[in-house]
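Trainee: This structure is in structure tokens; I'll ask about it shortly.
The values are calculated or read from the model by the stated rules, or taken from the named source; none is laboratory data. Bear in mind that the values here come from a model prediction, so they are computed numbers and not experimental data. Here the Cβ positions follow ideal geometry from the backbone for every residue, glycine too, while neighbour counts run over all protein chains shown. With ligands, DNA and RNA removed, areas are computed over all heavy atoms of the protein, side chains included. Shrake-Rupley method; radii C 1.70, N 1.55, O 1.52, S 1.80 Å.
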Amino acid sequence: STSICDQGLATNLLPLLVGAQAGGTWTAPGGGAFSGSYDPATNASGNYTYTVAGTLPCAADQAVVAVTETSSPNAGTNGTLTLCANSAPIDLFAQLNGGAQLGGSWTDPSNSPHPANFNPAVDPAGSYTYTIAGNSPCSSSSAQVEVTVETAPVPGISGSTSVCSGDAAFDLFLLLDGSPDANGTWTSPGGGVSTGVFDPSSSIQGVYTYIVSGIACGAEQATVTVGVSVGPNAGQNNSIVLCETQAPFALISSITGSPDAGGTWTAPGGGVFSGTLDPANVQPGNYTYTVSSSSSCPDAQAEVTVSISASVSAGLVGDLSLCNTSGPVQLFGSLGGTPDIGGTWTAPGGGAF
């Protein structure tokens with residue numbers, strides 16, 4: 001007799017008969033022809049009879065091999081699992097495919113015994129192996145569940161601030177406490193999209209929400225509450241370059257933003273300045289515009305950095321009378337005034353000269 005695994009290879013039965021002569025014939029259970037090689041994929045368990053024909057007056061002789069098939073275990077096929085670090089424990093067995101049988105055991109990525117439940121809060125990510133021991137001659141069966149644990153999103157701790165309407169724009173992210181993830185998105189009061197930059201002169205006050213989303217993890221959020229006090233607005237700093245021949249103009253027109261009217265000016269060095277700049281008569285430098293506050297907000301200031309370029313002079317109109325027999329003459333010497341050198345000439349009609 002013999003036991004053969006139902007998932008095993010084909011087995012020649014003749015060597016199992018002690019002292020049997022070769023050249024005989026086989027019959028399967030029920031009397032059908034049989035090759036002598038038992039294949040569990042196509043043959044059924046039972047008694048297989050081997051017959052050796054006799055030479056008269058000797059009769060034929062027979063022997064039987066009783067074949068029993070042993071069922072092989074099925075641990076299923078590999079599975080995958082992605083969890084958030086703050087998810088509840090989950091049964092690993094449910095992640096196996098292919099009709100896995102109960103009754104096996106689990107090992108963790110370090111090959112140590114592990115319960116069937118995976119707890120992302122304490123268990124490491126990696127390959128968890130499910131094994132069902134086989135009954136001899138069948139071998140054991142194993143399958144794996146590859147577990148990935150996603151770090152839970154961190155939006156930080158909510159914060160708040162109060163600003164004045166004339167303050168500079170700022171990044172709301174800097175007002176979140178803790179260690180917020182940097183890949184989140186902002187929504188403004190009312191739920192609209194926000195860039196995360198708050199400009200006191202134009203942004204609405206209220207609660208701004210920072211949202212960090214995951215794949216396996218749900219979204220987490222924190223808020224920044226911003227209050228705005230109406231204060232003076234001196235506009236934003238700017239730089240300008242002027243020619244000394246330009247006409248006088250009101251310097252407040254060179255401040256960017258929306259500065260309040262009625263402020264005062266100081267010239268470079270701190271002297272009083274009227275606010276009207278005449279490039280021909282003022283010095284370059286930083287001109288400061290100050291708007292005084294009537295609330296708890298501080299005074300507001302903005303600077304205009306003025307650079308003045310000297311004008312160029314082509315001189316004054318000149319006259320020159322020549323005889324057609326005279327030698328060549330440099331026209332530059334016939335210009336009136338004090339012309340700058342380095343210019344170019346054009347002839348009557350506009351051609352180069």
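Trainee: For the chain, build the charge dipole from Cβ charges (+1 Lys, Arg; -1 Asp, Glu) around the Cα centre, then report which of 316, 232, 192 sits farthest towards its positive end.
Mentor: So the residue we want is 192.
Trainee: Towards the positive end of the charge dipole of the chain, with charges on Cβ (+1 Lys, Arg; -1 Asp, Glu), say which of 119, 261, 335 has the farthest Cα.
Mentor: It is 119.
Trainee: Another question about this same structure. Under 4.7 Å Cβ to Cβ, no partner at all: give me those cysteines from the chain, in residue order.
Mentor: Here 58, 243, 323 come out as lacking a disulfide-compatible partner, given the Cβ-Cβ threshold of under 4.7 Å.
Trainee: Let me ask another. Explain nothing, just the number: dipole magnitude of the chain about its Cα centre with +1 on each Lys and Arg Cβ and -1 on each Asp and Glu Cβ, in debye rounded to the nearest 20.
Mentor: About 500 debye.
Trainee: Could you give the alpha-carbon Rg of the chain over 2.2 N^0.38 Å, rounded to two decimals?
Mentor: Numbers: Rg = 48.4 Å, N = 353, 2.2 N^0.38 = 20.4 Å.
Normalised Cα radius of gyration, the chain: 2.37.
Trainee: Quick check: residue separation of residue 338 and residue 181 times 0.36 nm, minus the Cα distance between them. What number comes out in nm?
Mentor: 49.8 nm is the gain from fully extending residue 338 to residue 181.
Trainee: Here's another thing I want to ask about it. Run a plain Debye calculation on the stretch 156-300 (Cα atoms as equal point scatterers, no solvent) and give log10 I(q)/I(0) at q = 0.08, 0.15, 0.18 Å⁻¹, rounded to two decimals, same order as the q list.
Mentor: So the normalised log intensities work out to -0.35, -0.81, -0.98.
Trainee: Lys/Arg Cβ at +1, Asp/Glu Cβ at -1, dipole of the chain taken about the Cα centre: which of 276, 59, 42 is farthest positive-ward?
Mentor: 59
Trainee: For a Förster distance of 22 Å, can you work out the FRET efficiency between the beta-carbons of residue 142 and residue 3, rounded to the nearest 0.05? Before the final figure, lay out the partial values.
Mentor: Details: r = 22 Å, r/R0 = 1.00.
According to the calculation, E is roughly 0.50.
Trainee: What distance in nm separates the two pseudo spin-label positions at residue 160 and residue 286, each 7 Å out from Cα along the beta-carbon direction?
Mentor: That separation, rounded to one decimal, is 3.6 nm.
Trainee: How many Å³ per residue does the convex hull of the Cα positions in the stretch 1-120 occupy?
Mentor: Cα-based convex hull of the stretch 1-120, divided per residue, equals 138 Å³.
Trainee: Let me ask another. When the chain is fully extended, how far beyond the present Cα-Cα distance does residue 94 get from residue 170, taking 0.36 nm per residue of separation?
Mentor: So the chain would gain 22.4 nm between residue 94 and residue 170.
Trainee: Using only Cα positions of the stretch 225-330, each an equal point scatterer, no hydration layer, compute I(q)/I(0) via Debye at q = 0.15 Å⁻¹ and quote the log10 values to two decimals.
Mentor: Relative scattering, expressed as log10 I(q)/I(0), comes to -0.69.
Trainee: Next question. Under a point spin-label approximation (7 Å from Cα along Cα-to-Cβ), what is the residue 329-residue 207 distance to one decimal in nm?
Mentor: My value for the distance between the label points is 8.9 nm.
Trainee: Separate question: Going 7 Å from the Cα of residue 135 toward and past its Cβ, which residues in the stretch 20-62 have a backbone nitrogen under 18 Å from where you end up?
Mentor: Hits in the stretch 20-62 for residue 135 at 18 Å: 40-41, 44-47.
Trainee: Continuing with the same structure: Could you look at the chain and say what percent of its accessible area is carbon and sulfur, using a 1.4 Å probe and all protein chains?
Mentor: Carbon-and-sulfur percentage of accessible area, whole number: 52.
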